[in-house]
Every structure is written in C-alpha cells, then in structure tokens.
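Every number in this text was worked out from the coordinates using simple rules, so none of it is lab data. For clarity, every value in this text was computed on a predicted model and none was experimentally measured. Every residue, glycine among them, receives a Cβ derived from its backbone with ideal geometry; neighbour counts consider all protein chains shown.
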Amino acid sequence: MPKTVRMADIAQKVGVSTVTVSKALADKDGVSDEIRAKIKETAQQMGYQQNVGPRHVRQSGTGNIGILVSACFVDDNSKSFYWQMYEKVVNRLFINDYYGILELLSDEMEQNLTLPRVLQENKIDGLIVLGKLSAEYCRTLQGKTQVPTVFLDTYDSCGSGYSVISDGYYGMYIVTNYLLKMGHRDIHFVGTINATSSIADRYYGYCRAMSEQGITVTPEMVLPDRHESGNISFTLPESLPTAFVCNCDLTAYELINQLKGRGLHVPDDISVAGFDNYCLTGIFMPEITTYAVDMGGMARACVEGMLHQIRHKHKMTGMKIVSGHLIVRDSVKKLEP
C-alpha cells in the first residue's frame, strides 16, 4: 500500500511550515505567489490528495474556524500528535468549504486570560480547542465568546460545551490486559497523571486492568514523564518491573532509549507498550506495541459537531468518544509461567 502523503511531508520537502502548506493549498492569504506555486507543484509531484469525498458548500459567514492549541503541545518538526491532528482537522474543514486558522496559546496569554486574536478580531465562525487548557481559561473562553466551540482531545472543564475525545480509558485497559495475558504482573505506568485529562483517563484504565487481576497499584508503580511545560523528561528507577505501559508512544521511545543506555534490550530484558500510534514505524527498533487512536475519526466528529452548531444555530453539549484498536508489534515479550 503506498504511503499517504501528509502536509508535513510537503512542508519538509519545500522547507516551510505545515501552516504555510495549509494556506497555500487552500488558496488563502499569507503566502507569496512563488512559494504557493512551489508548494502546489511539490504536492502534485508527491501525489498529495487533499479533497477526499464530496465538497460541501457553506452558506454564509467568514468561512474560518479558529484552532486554538497550547504552544507546549506542538513543536517545529511537525511530528507531534497535535500537529497531525491539526492537519486532519484542516483537511476535514476544507472539504466543507472552511479554512482552519491556527493560533498557538502562550503560557503568558493563558495565565493573563488573554483571548485569542481570532476571537478578538471576529475572524471566525467557530473555535476548536485542541488539547488541554486551564479550567480558568476555559471558563473565560466560554463566558466571552458567542461562537460555537468544540473541545478536541480534552474535556470541556465547564461542562457546558461539546467535547470529542479518544477512548483513553478502555484503550489503556486493553493495552494493559494484553501485557497481563503475556504473563506480566509487575507492570508500571509511565505518565504524569494530572498533566492532561487524556493521561488521567489512560492511568485509570491501567488501574482497572490491574485491579481485575488482584494487583494493587502503588505510587512506586507510576513514573511521571513530563514537566509543567509539557516537555518529556524522566529518570528510570533503579528497580525495574518486567513491563512498562506508557501514556504515549513518544514517552515509550524515550523509555526504550534509556533502557538501552543501561544495557537492556526490549523486549528480551523488559517489555514496553505505548499509546497513540502516531510515530512512524520502521524507523524505531523495536516497533512498539500500542493502541491506535483514530485521529481521522476524531477530526471528523469534531468538524461535524462544529458544522451542526453553525448550520442549526444552537449550542451542543455532551461528549463523543472515538474508539481505536490495539496494534501488536515487537516490543512485548511473552513470559513463560
């Protein structure tokens, strides 16, 4: 099966950002004619397909949807989970004749409760909040904006909006159960529990699977993996379990690198499982057993919820949970009884 070409691939080839590629392909302002032509030519040469499915035509409005994400969740190399989610949302908006305007929320803006510029300047018909923001900032958003809002990969902490999340609880329950079925009982969780609602969900799914096997999870069995800034950084304990289950694949890869630094091999000496399935396979060895989050399904549900609110002029509440599936690869070893 041929590899799907992403905006990030085009951006890397041309030497620009993913946002610039998105603007160029959607014929929006902010890109020079020369760069726009180069991006479109490169996209055609690489076989990029943007307009998949029927194109819906909006009836009115600005045609813009704001996409707000904390700056700590994205990076410059376009490989993070949220960059890939953003790209899928932008594509889904495009086939519905809308353009996604990305705005990164700095720590200073969040602490000072400063509204996004796209809201201040009335440039958007709706707002998608991608990833966790503080409860106080969410309350400010809900209280000062009248445009439809959808929270993606996070809960609406006010409880008055519409959220689309992955099935982190049962997803991690499935991953942990797989490790248990492979004979592991000494399984530790890697993740800072209260850093995001997604990590918290995954932790409680892990706890349930362990509890069903009569295993009590103690604080020593949890290894925090990130700082308040969101940067992943941790140090392995001296005493190691037979298996680790990680809140995301990026943490799992960092864990494997640290284990290699100790002279340990995965899975021969210790097993590792991840979550998300957003890292490229074939590059990292061993390839990680993980739970594949349905990013396409989440993006679709998010945009459908947004368009429903815009077209019917009423606010949606509640939550949409999008399930994924387990992917078994090479990082888990079966223990003999």
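Things worth noting here:
- In segment 171-222, the inverse of the mean reciprocal separation of distinct Cα atoms equals 11.0 Å; this is its Kirkwood hydrodynamic radius.
- Once the convex hull of all Cα atoms in segment 247-337 is built, its volume per residue stands at 118 Å³.
- Diffusion coefficient, µm² s⁻¹, Stokes-Einstein with Kirkwood Rh over alpha-carbon pairs of segment 168-292 at 4 °C and 1.567 mPa s: 91
- When each of the peptides 87-96, 40-49 is scored by how many other beta carbons lie within 10 Å of its residues on average, the order from highest to lowest is 87-96, 40-49.
- Each residue of segment 320-333 is assigned a 3J(HN,Hα), and the resulting list reads 10, 9, 10, 7, x, 7, 6, 10, 8, 10, 10, 9, 10, 9 Hz, derived from the Karplus form 6.51 cos²θ - 1.76 cosθ + 1.60 (θ = phi - 60°), x at Gly and Pro.
- Taking every alpha-carbon pair in segment 1-42 and binning the separations at 10 Å intervals from zero gives 31, 56, 11, 2 percent.
- Anchor LYS144: lysines whose Cα lies under 26 Å away (excluding residues fewer than 8 positions away in-chain): LYS123, LYS132, LYS313, LYS315, LYS320
- Sorted by Cβ density within 10 Å, fewest first, the residues ASP153, ASP249: ASP249, ASP153
- Taking N as the residue count of the chain, its C-alpha radius of gyration divided by 2.2 N^0.38 Å amounts to 1.04.
- C-alpha long axis of helix 81-94 to longest principal axis of the chain, angle in °: 30
- Computed over the chain: relative contact order in percent, which uses C-alpha pairs under 8 Å that are six or more apart: 16
- Peptide ranges 11-24, 163-176 listed from the most packed, as the mean C-beta count within 10 angstrom indicates: 163-176, 11-24
- Peptides 189-196, 141-148 ordered by average Cβ neighbours within 10 Å, highest first: 189-196, 141-148
- Local net charge near ILE10, Cβ-Cβ under 11 Å (Lys/Arg +1, Asp/Glu -1): +1
- Under 24 Å from LYS260, Cα to Cα: lysines that are on another chain or at least 8 residues apart: LYS79, LYS333, LYS334
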